[in-house]
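One structure is given here, and the rest of the page talks about it.
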Amino acid sequence: MQKQTPEDLNLIIEKIQNYCSYSERCLIDVHAKLSTWNLRENTKEKIIKGLIHDNFISEARYAKSFANGKFKINRWGKNKILYGLRKKQIPDIYIQIALNDIDREEYISTIKEIILTKFTKILQSKEVVKKNQAMKYLYSRGFETSIVSEILNTYE
């Protein structure tokens with residue numbers, strides 16, 4: 001492994017700051033990116049501490065951004081978002097805050113939209129079959145059993 005010169009280190013810091021500025025990043029993402037540059041562990045840790053200090057990395061901000069994006073764009077439910085954030089090793093406190101920030105009315109509205117869309121795509125005429133298929137689909141998207149069941153029971 002070559003010794004890093006201050007110029008190399010400044011270039012790496014600038015690159016990783018640009019990487020963090022382009023999109024919200026979590027510690028795992030930044031650590032993985034730094035690992036591709038064959039840096040020593042203590043150098044990586046110093047860079048990460050500097051990024052946190054300069055507010056380029058924030059696990060809380062990342063969790064909110066992740067949850068918001070996955071819900072609004074990908075139409076994921078809270079369970080799937082929870083597992084996605086845990087996979088990124090985000091602390092549970094930030095996960096709970098991010099999930100609580102999802103507007104309940106918008107969440108229910110999204111579930112209803114998905115149900116109606118699913119109902120129109122299901123060719124089966126039996127209501128029970130439609131509900132079952134919609135329920136399975138919503139579970140696979142990470143929506144909670146209790147909420148989905150409650151909403152599906154309102155459809156006749």
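The values are calculated or read from the model by the stated rules, or taken from the named source; none is laboratory data. Remember, it's a predicted structure, so these values are computed and weren't measured experimentally. In this analysis, Cβ positions are derived from the backbone assuming ideal geometry, glycine residues included, and neighbour counts consider all displayed protein chains.
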Determine whether Phe56 is within 22 Å of Ile108 (Cβ to Cβ), buried (at least 16 other Cβ atoms within 10 Å of the Cβ), touching a residue at least 24 places away in the same chain (Cβ under 8 Å) and of a type in the set (Phe, Trp, Tyr). no
Quick one: which helices (runs of 4 or more DSSP H) lie wholly within region 1-100 and hold at least 3 residues that are closer than 30 Å to Ile147 by Cβ? 59-72, 78-87, 92-100
Considering (1) of a type outside the set (Gly, Ala, Ser); (2) modelled with pLDDT under 95; (3) in contact with an Asp or Glu (Cβ under 8 Å, 6 or more places away or on another chain), say which one Pro91 fails and leave the rest. (2)
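Test Gly69 against the criterion of being surrounded by 17 or more Cβ atoms within 10 Å (Cβ to Cβ), of a type in the set (Gly, Ala, Ser) and either under 20 Å from His31 (Cβ atoms) or not assigned by TED's automatic domain parsing to the domain that holds Cys26 (or both), and give yes or no. Outline the logic, then answer.
Working: surrounded by 17 or more Cβ atoms within 10 Å (Cβ to Cβ): no; of a type in the set (Gly, Ala, Ser): yes; either under 20 Å from His31 (Cβ atoms) or not assigned by TED's automatic domain parsing to the domain that holds Cys26 (or both): yes.
So Gly69 does not fit the description; no.
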In region 117-129, is there at least one residue being touching a Gly at 6+ places or on another chain (Cβ under 9 Å), in a helix (DSSP H, G or I) and either within 26 Å of Asn68 (Cβ to Cβ) or not small (Gly, Ala, Ser) (or both)? no
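So which of Leu99, Leu138 is under 18 Å from Ile73 (Cβ atoms), surrounded by 11 or more Cβ atoms within 10 Å (Cβ to Cβ), within 21 Å of the chain's Cα centre (by Cα) and without any contact (Cβ under 8 Å) to a residue 60 or more places away in the chain? So that I can check it myself, show each step before the final result.
Values: Leu138 fails: without any contact (Cβ under 8 Å) to a residue 60 or more places away in the chain.
Just a single option satisfies the conditions, and that option is Leu99.
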